[in-house]
Amino acid sequence: MEGIIAQIFNGISLGSILLLIALGLAITFGLMNVINMAHGELIMIGAYTTYVVQTIFINYFPEGLFDWYFLFAIPAAFILAALIGLVMEVTVIRFLYGRPLDSLLATFGISLVLQQLARSIFGAPNVGVQSPELLSGAVEIFSMSFPISRIFILILVALCVGFMFYYFYKTGNGRRIRAVMQNRDMAASLGISTRKVDASTFAIGAGFAGVAGMALTLIGPIGPTLGTAYIIDAFMVVVVGGVGMLLGTVAGALGIGVFNTIFEYFTDASMGRVLIFVLIILFLQWKPNGLFSINTRKLD
Amino acid sequence: MLQLKDVESGYDESMVLRDVSIKVKQNQVICILGRNGVGKSTLIKTIMGVLKVQGGTIAFEDKELTKASATIRSKAGIGYVPQGREIFTTLTVYENLLLGFESNPNKNKEIINKVYKYFPVLQEMKNRNGGDLSGGQQQQLAIGRALIAEPKLLLLDEPAEGIQPNIVEDIQNVILDLKNETKTSMVLVEQDLGFAKAVGDYFYVIDRGTVVFEGSELIDEKVEKHLSI
């Protein structure tokens, strides 16, 4: 019984990490159809931002305040990644809408540039971010221990998803974004500035990648190639969930997380990985549009 | 208030419209007539800015808008009810209506009630997705959405096409009401000659991408060969 609960927790925890790294991509790829190969590097930027915020706290703030650096790191990572995303959109991406192959190549190029930039600034070796005291250790429930950092990531993901749902479905900006993504010409004919919506939407997607990077510093060391390790997973989650569907991304991430953990439990890490890919390939044969797809009355 | 001079327009390489000149005055209803495929929708899309002008000029209220985007033209006061409604199927009816406010500096929600009065079904369905509506209801939504913007000039592209007769009547009544009660100018693409004659102040007949007849009255002998199938 305890083993099962532990596995379920591990599965959900892995799912929450997958979801966090895929959230930004659910916007840039899922909603805007931009194959953004630099998504991983936006995650990396968030991670390094956290590292920088931590270093500032170590050097300039009294020791007692150190634990709170991560509260500043979250908005800092979001804003910096969003700004770099905005620059990407304005200088490159906007010329490539509707040209998936070109945007794939261009964003891959951007990812290499960003990696090299990180190497030049921070050096090639990995750097470690010290987890705050508050988030290290574990809580014991019924003689099972759950790492606090994992629980923190779970809560962070829940907050991010909640915020995204609110933003996309309850605010005027969200309404404009959904309108533009569904029918660009008609949205423009109603007076919506599609340029502004494109740029800000891409920046928001990039910002969420930054938050994911912040969370990854709690799990392990960070380096210039941090993003490449996660980019495949992120695309996998969005495709399985159904392109364009936020809810699908949530379900896809948790599903992959849980199945991955189960497979690894019965086999080993690499075999589990193989099995999850087999499962996804089979699943996409059955449902090519992913878990959720847009179904509405088609007229004329 | 709207003036097109020698406008040329089309899709990519193929030119659909040639040398089209049209004038719309304040509070005037212009009817565009013509057979299928002669460029009526292309003309409407060119006025809205969905299609780029390849030659000639477009001016609206003495402002040059030839190169302006649809966003800017919408904000200048041009409203658009496209052929095939083009409502946002994954947004709710209410959200679709709210998008009408984007180009209206007056954000007073009272206007929505006016639209509900014209089309009560929109109020009943306000929380449903736009895609759940029938074709006629979607057309009502598309018109309602355009009215919320309170446009100075309203472009209507075959608003009665493929819709059950009782809703066609509702829509025609709304158009008549707009003509009689407000200062809105309209450019109406219409297949129903009877209704066109009833509501139109001035007529343009288009054939093969260019204006072949214009006048404040439709003279049957002159337009027949361009309209009959």
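The values are calculated or read from the model by the stated rules, or taken from the named source; none is laboratory data. Source: prediction; values computed, not measured. Counting neighbours? That spans all protein chains shown, and the Cβs are built from the backbone with ideal geometry, glycine included.
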request  = Read through the list (1) buried (at least 20 other Cβ atoms within 10 Å of the Cβ); (2) more than 14 Å from chain B (Cβ to nearest Cβ); (3) at positive phi, then give the number of the only condition that A:Met164 fails.
outcome  = (3)
request  = Among the residues of region A:184-227, write down those that are without any contact (Cβ under 8 Å) to a residue 12 or more places away in the chain and away from every other protein chain (no Cβ under 14 Å).
outcome  = A:Gly220
query = Can you tell me which of B:Ile32, B:Ile22 is over 19 Å from B:Pro159 (Cα atoms), more than 10 Å from chain A (Cβ to nearest Cβ), at pLDDT below 95 and touching a Phe, Trp or Tyr at 6+ places or on another chain (Cβ under 8 Å)?
reply = B:Ile22
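What about A:Ile281, is it of a type in the set (A, V, I, L, M), buried (at least 18 other Cβ atoms within 10 Å of the Cβ) and more than 14 Å from chain B (Cβ to nearest Cβ)?
Numbers: of a type in the set (A, V, I, L, M): yes; buried (at least 18 other Cβ atoms within 10 Å of the Cβ): no; more than 14 Å from chain B (Cβ to nearest Cβ): yes.
So A:Ile281 does not fit the description; no.
Consider region B:39-54. How many of its residues are surrounded by 15 or more Cβ atoms within 10 Å (Cβ to Cβ) and more than 17 Å from the chain's Cα centre (by Cα)?
Narrowing region B:39-54 to residues surrounded by 15 or more Cβ atoms within 10 Å (Cβ to Cβ): B:39-51, B:53.
Add one more test, that the residue is more than 17 Å from the chain's Cα centre (by Cα), and what stays is B:53.
Looking only at that region, the number is 1.
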message = Which count do you get for residues in region A:55-81 that are out of contact with any Ser or Thr (no Cβ under 6 Å at 6 or more places or on another chain), in contact (Cβ under 8 Å) with a residue 40 or more places away in the chain and crowded, with 20+ Cβ neighbours inside 10 Å?
response = 5
ask   = Any residue at all in region B:146-169 that is surrounded by fewer than 21 Cβ atoms within 10 Å (Cβ to Cβ), under 18 Å from B:Asn27 (Cβ atoms) and touching an Asp or Glu at 6+ places or on another chain (Cβ under 6 Å)?
value = no
